[in-house]
1. I'm told residue 14 meets every condition in (1) touching a residue at least 40 places away in the same chain (Cβ under 8 Å); (2) in contact with a helix residue (DSSP H, G or I) (Cβ under 7 Å, 6 or more places away or on another chain); (3) within 23 Å of residue 104 (Cα to Cα); (4) not in a loop (DSSP other than H, G, I, E, B) except one. Can you identify the failing condition by its number?
2. Return a yes/no flag: does the range 35-52 have any residue that is modelled with pLDDT of 95 or more, surrounded by fewer than 16 Cβ atoms within 10 Å (Cβ to Cβ) and under 21 Å from residue 120 (Cα atoms).
3. Could you check, for the range 174-197, whether at least one of its residues is at pLDDT 95 or above and more than 13 Å from the chain's Cα centre (by Cα)?
4. If you check 242, 157, 201, 249, which single one turns out to be modelled with pLDDT under 95 and in a helix (DSSP H, G or I)?
5. Just to be sure, is residue 83 buried (at least 24 other Cβ atoms within 10 Å of the Cβ), touching a helix residue (DSSP H, G or I) at 6+ places or on another chain (Cβ under 6 Å) and at pLDDT below 95?
6. Residues in the range 102-117: is at least one on the phi > 0 side of the Ramachandran plot and in a loop (DSSP other than H, G, I, E, B)?
7. Return the only residue of 12, 8 being closer than 22 Å to residue 208 by Cα and in contact with a strand residue (DSSP E or B) (Cβ under 7 Å, 6 or more places away or on another chain).
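The values are calculated or read from the model by the stated rules, or taken from the named source; none is laboratory data. Everything numeric here is computed off the predicted structure, so don't read it as measured data. Please note: Cβ atoms are built from the backbone with ideal geometry, for glycine as well, and neighbour counts cover all protein chains shown.
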């Protein structure tokens, strides 16, 4: 039995993963953006180990989420599932960041820094990461005209790269990125062509399985098969440059001299 925290677990892939893990006998800690969202999953949360609440668009609330998780105890795995897709505008978080960057990249980065280090980390990315620009001078969209799809693609490039960087810096942790496919969730839309079931089973498998195939680190996964990510993801120079930009934007350093 494993103890797993899943961000964004009130609907879609996060909720499906939570229900699967609970059925398999694992202890699951759920996350909801608000108490209203939490109320919608009362039946699932009743069977869960715990439920934490907070908005990942806010660094202060993200910190609170980490504190709530740490108060429950150390997790065996964290599935960074939460994400937003095509935002109509840049938006602005309480810290002044673009909302897509904040939720899809900065929040998982901060949670990784603040939650007691688990044995396994799983980050949800997207095949759209291949369209992300490797230029890092304006990742917060302060200068460029807003493009919702480009901002999403870049945020997913960054999170896949972060997963690979963590695998390199923290050899005691299994860190992997998962592309769930274009699945028919609220985010993906009813016409999405990929398999909803397979969309979450890779995450649950990587979080709990003792199979040799699942106990690896630094992988980019699609439907339980390792795939090649775009070249930047595994480029050490790009990894380090990205991490430094995230330090600049958050004030939090994930990797120390001992890593």
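1. Checking residue 14 against (1) touching a residue at least 40 places away in the same chain (Cβ under 8 Å); (2) in contact with a helix residue (DSSP H, G or I) (Cβ under 7 Å, 6 or more places away or on another chain); (3) within 23 Å of residue 104 (Cα to Cα); (4) not in a loop (DSSP other than H, G, I, E, B), the one that fails is (2).
2. The answer is no, given that none of the residues of the range 35-52 is modelled with pLDDT of 95 or more, surrounded by fewer than 16 Cβ atoms within 10 Å (Cβ to Cβ) and under 21 Å from residue 120 (Cα atoms).
3. yes
4. Values: 242 fails: modelled with pLDDT under 95; 157 fails: modelled with pLDDT under 95; 249 fails: modelled with pLDDT under 95.
Exactly one of 242, 157, 201, 249 is modelled with pLDDT under 95 and in a helix (DSSP H, G or I), namely 201.
5. Numbers: buried (at least 24 other Cβ atoms within 10 Å of the Cβ): yes; touching a helix residue (DSSP H, G or I) at 6+ places or on another chain (Cβ under 6 Å): yes; at pLDDT below 95: no.
Criteria not met by residue 83.
6. There is no residue in the range 102-117 that is on the phi > 0 side of the Ramachandran plot and in a loop (DSSP other than H, G, I, E, B).
7. 8
Let's see how each residue does on (1) free of Cβ contacts under 8 Å to residues at least 12 places away in the same chain; (2) in contact with a strand residue (DSSP E or B) (Cβ under 7 Å, 6 or more places away or on another chain); (3) on the phi > 0 side of the Ramachandran plot:
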| position | (1), (2), (3) |
| --- | --- |
| 4 | no, yes, no |
| 21 | no, yes, no |
| 26 | no, yes, no |
| 33 | no, no, no |
| 36 | yes, no, no |
| 57 | no, no, no |
